[in-house]
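Down below is the structure, laid out as C-alpha cells.
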Amino acid sequence: MRGRLMVGQRPLEPLILVRVQAPQQIMTQDKFEKLVNEGIEAIPKKFLEKLDNVEIVIEDTPTPYQLEKLRARKGLFIFGLYEGVPKTKRWHYGQVLPDKITIFKNPIEKSARSEENIKEIVKNTIWHEIAHHFGMDEKQVREAESRRRKT
C-alpha cells in the first residue's frame, strides 16, 4: 500500500473510465498525498463531519481483482474506487472494518495534462467517491457532478 489517509458491502463503484493519451506527469508520493489532503479539505465541512468509518488510501494502480470486479476494459483509467457499505444501507452497523476510498495515482498522472490538472482530477475524484459513501449510485453522482459544474 502506497499511502494511507484517515477521514467512514456494496458492489464496487468505479469513478471515471476514460481513454486518454496525454503526456505522463510524474509526481512524488509526498506531493501527491498533499494534493489528496487538499482535495479532502475542499469538501464542505458539513459533509466531512458526517463521514463515518472511512479510510482514504492512495495506491499506484487498481489491483487485478478490482479491475475484474469492475469489468474494466483494457486501456481505460480508473481514478478512484469506493468499497464499503454506504451510509444509506447501514442497519445494525458496528464492529466492521472501515469503508475504503482508494485514489489511484498512476492513472491520474497518465491522463493529466499538467500539475494543476492532477490537482483538479484528485479533488473531483475524492468528491465522487465520498458521494458513493453517502449512498449515491453512479447515475446520481454523475447528475450531481453535472449540477456542481454549472454553479
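What about Leu51, is it within 17 Å of Pro98 (Cβ to Cβ), among the aliphatic types (A, V, I, L, M) and modelled with pLDDT under 95?
Yes.
Condition test on Asn106, is it in contact with a strand residue (DSSP E or B) (Cβ under 9 Å, 6 or more places away or on another chain), in a helix (DSSP H, G or I) and modelled with pLDDT of 90 or more?
yes
Asp99 fails exactly one of the following numbered conditions: (1) of a type outside the set (S, T, N, Q); (2) touching a strand residue (DSSP E or B) at 6+ places or on another chain (Cβ under 6 Å); (3) within 19 Å of Leu35 (Cβ to Cβ). What is the number of that condition?
In the conditions (1) of a type outside the set (S, T, N, Q); (2) touching a strand residue (DSSP E or B) at 6+ places or on another chain (Cβ under 6 Å); (3) within 19 Å of Leu35 (Cβ to Cβ), Asp99 misses (3) alone.
Every residue in segment 44-67 that is under 13 Å from the mean Cα position of the chain (by Cα) and among the β-branched types (Val, Ile, Thr), please.
The answer is Val54, Ile56, Val57, Ile58, Thr61.
Residue by residue through segment 57-93, note down the ones that are of a type in the set (A, V, I, L, M, F, W, C) and either under 21 Å from Lys110 (Cβ atoms) or in contact with a Pro (Cβ under 9 Å, 6 or more places away or on another chain) (or both).
Passing the criteria: Val57, Ile58, Leu67, Leu70, Ala72, Leu76, Phe77, Ile78, Phe79, Leu81.
Among the residues of segment 37-65, which ones are assigned to a loop (DSSP other than H, G, I, E, B), charged (D, E, K, R) and in contact with an Asp or Glu (Cβ under 9 Å, 6 or more places away or on another chain)?
Asp52
For segment 129-140, how many residues meet the condition of being part of a helix (DSSP H, G or I), crowded, with 19+ Cβ neighbours inside 10 Å and out of contact with any strand residue (DSSP E or B) (no Cβ under 8 Å at 6 or more places or on another chain)?
The total comes to 1.
Take segment 17-35 and flag every residue that is at pLDDT 60 or above and of a type outside the set (Lys, Arg).
Ile26, Met27, Thr28, Gln29, Asp30, Phe32, Glu33, Leu35
Report yes if some residue within segment 66-83 is of a type in the set (S, T, N, Q) and surrounded by fewer than 18 Cβ atoms within 10 Å (Cβ to Cβ); otherwise report no. Give the steps one after another, and end with the answer.
Taking segment 66-83 as the starting set, the residues that turn out to be of a type in the set (S, T, N, Q) are 66.
After this cut, where a residue has to be surrounded by fewer than 18 Cβ atoms within 10 Å (Cβ to Cβ) as well, the list is none.
No, segment 66-83 contains no residue that is of a type in the set (S, T, N, Q) and surrounded by fewer than 18 Cβ atoms within 10 Å (Cβ to Cβ).
Return the residue satisfying two criteria in turn: it lies in segment 109-120 and is part of a loop (DSSP other than H, G, I, E, B) and of a type in the set (Gly, Ala, Ser), and of such residues it is nearest to the chain's Cα centre (by Cα).
The qualifying residue nearest to the chain's Cα centre (by Cα) is Ala112.
If the Cβ limit is 7 Å and pairs must be 6+ apart or interchain, which residue in segment 103-118 that is within 10 Å of Ile26 (Cα to Cα) pairs with which residue that is basic (Lys, Arg) and modelled with pLDDT under 90?
As it stands, the answer is Lys105/Arg2, since those pairs meet every condition given.
Taking into account only those residues within segment 66-96 that are hydroxyl-bearing (Ser, Thr, Tyr) and not in a loop (DSSP other than H, G, I, E, B), which is modelled with the lowest pLDDT?
The residue in question is Thr88.
Can you tell me which residue within segment 87-128, out of those that are within 19 Å of Thr63 (Cβ to Cβ) and of a type in the set (Asp, Glu), is surrounded by the most Cβ atoms within 10 Å (Cβ to Cβ)?
Across segment 87-128, the extreme among qualifying residues is Asp99.
The values are calculated or read from the model by the stated rules, or taken from the named source; none is laboratory data. Note that the structure is a prediction, hence the values are computed from the model and not measured. Using ideal geometry, Cβ is built from the backbone for each residue, glycine included, and neighbour counts are taken over all protein chains shown.
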